[in-house]
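K.L.:
Structure provided below as structure tokens; questions to follow.
The values are calculated or read from the model by the stated rules, or taken from the named source; none is laboratory data. Predicted, not measured: the structure shown is a model, and the values here were computed from it. Every residue, glycine as well, gets a Cβ built from its backbone with ideal geometry; the counts of neighbours run over all protein chains shown. What goes into the accessible areas is simple: the full protein's heavy atoms, side chains included, and nothing from ligands, DNA or RNA. Shrake-Rupley method; radii C 1.70, N 1.55, O 1.52, S 1.80 Å.
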Amino acid sequence: MSKNTSLIAACAAAAWLAALCLAPATALAQARPAAAPAELKRVALVVGNARYTGVPVLVNTLNDADDMCKALRELKFEVLCVRDLKSRRDFKRAVQDFTSKLGTGVAGLFYYAGHGLQIDGENYLVPTDARIDKKEDVEDETVSLRYVMAALDEARADFSFIILDACRNSPFTRGFTRAVNRGLAAVSDTPTGSLVLYSTAANDTASDGPSGQRNSPFTKHLLTHMKQPGLTVEAMIKKVSAGVQNDTQVQGGKRQVPFSYGSFTGEFCFAGCASPTEQAETARLRKEREALEKAQAELALREAELKRATPAPVPPPAEPAPQATRTTAPKPAPRPVVVPSF
């Protein structure tokens with residue numbers, strides 16, 4: 001192929017790429033939606049306690065915690081995932097590590113699967129090595145829900161979500177005669193900008209699920225609906241509650257009703273607040289933008305190649321400078337002769 005043919009081909013490619021860039025650029029500018037506000041950073045602490053000392057192992061809590069960790073990572077959470085926290089000190093340290101990552105511009109989620117109990121209207125989460133022989137041991141051996149909520153409140157996250165699959169029938173209070181109710185007590189003072197979700201109503205117990213089922217009924221539906229695009233956290237809670245009530249009514253004849261408390265007035269969606277149609281349109285526009293950027297890069301490359309391949313123009317020969325010519329001054333005109341008259 002001659003040099004002229006190569007130059008013609010390069011010029012044609014450059015012209016084609018320029019036309020390709022121009023057409024989608026106009027359409028993309030017209031179709032691109034307004035920029036969405038910046039999403040909150042997401043941080044979660046997931047605790048699964050199952051192997052308790054001196055009491056039966058909880059069947060599904062570790063599965064619940066592991067599956068929750070995986071789902072939250074897929075939903076762009078930074079996840080601290082811990083299992084079988086043995087002592088009150090270990091539990092509080094995990095909470096402190098978690099809340100140290102929170103603050104303005106962050107959404108924080110605390111999920112707990114394991115034993116919980118209430119004493120005198122206060123709720124407590126139980127480490128696996130807790131030794132509770134009398135009511136007075138509870139304060140020393142467990143972590144109060146009030147402590148977790150206070151830590152979240154102090155961290156000042158934009159949104160805090162506490163999820164407790166912890167209302168199972170507690171074996172730790174069977175010797176207590178007073179001040180003990182089943183399940184967890186209702187929450188009356190949630191942190192500002194937060195939600196607290198129980199797997200069942202206050203003063204009631206939650207099901208571990210039928211034998212052979214991987215997750216508790218509550219966590220099973222939570223995992224399903226939190227991945228649904230366009231679903232706000234409030235709408236998700238309603239769907240989770242409906243699914244849990246239906247499953248437990250069919251399986252055991254006793255309806256388990258998840259319950260939530262909170263003061264959150266904003267909007268949060270685990271899988272994005274855009275509808276599936278809007279998300280598909282956003283994905284299409286993103287692909288168009290990527291194609292445009294690629295075409296622009298190829299055009300710039302072709303133009304650079306064309307510039308290198310085109311020989312520099314040869315300047316025309318310089319014209320010789322005109323030579324200077326000697327000129328003689330013009331002779332002065334003869335002066336007239338004046339003849340005096342007498």
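K.L.:
Enumerate the lysines that residue 287 could reach by cross-link, defined here as Cα to Cα under 29 Å, with residues fewer than 8 away along the same chain left out.
P.N.:
41, 70, 76, 227
K.L.:
Sort 284, 42 from largest to smallest accessible area, using a 1.4 Å probe on the heavy atoms of the protein chains.
P.N.:
My answer, sorted largest first, is 284, 42.
K.L.:
By per-residue mean of other Cβ atoms within 10 Å, what is the highest-first order of 228-238, 150-160, 107-117, 291-301?
P.N.:
Ranking, from highest mean packing down: 107-117, 150-160, 228-238, 291-301.
K.L.:
Express the accessible area of segment 52-208 per residue in Å², computed with a 1.4 Å probe while the remaining protein chains stay in the model.
P.N.:
Value returned for segment 52-208: 43 Å² of accessible area per residue.
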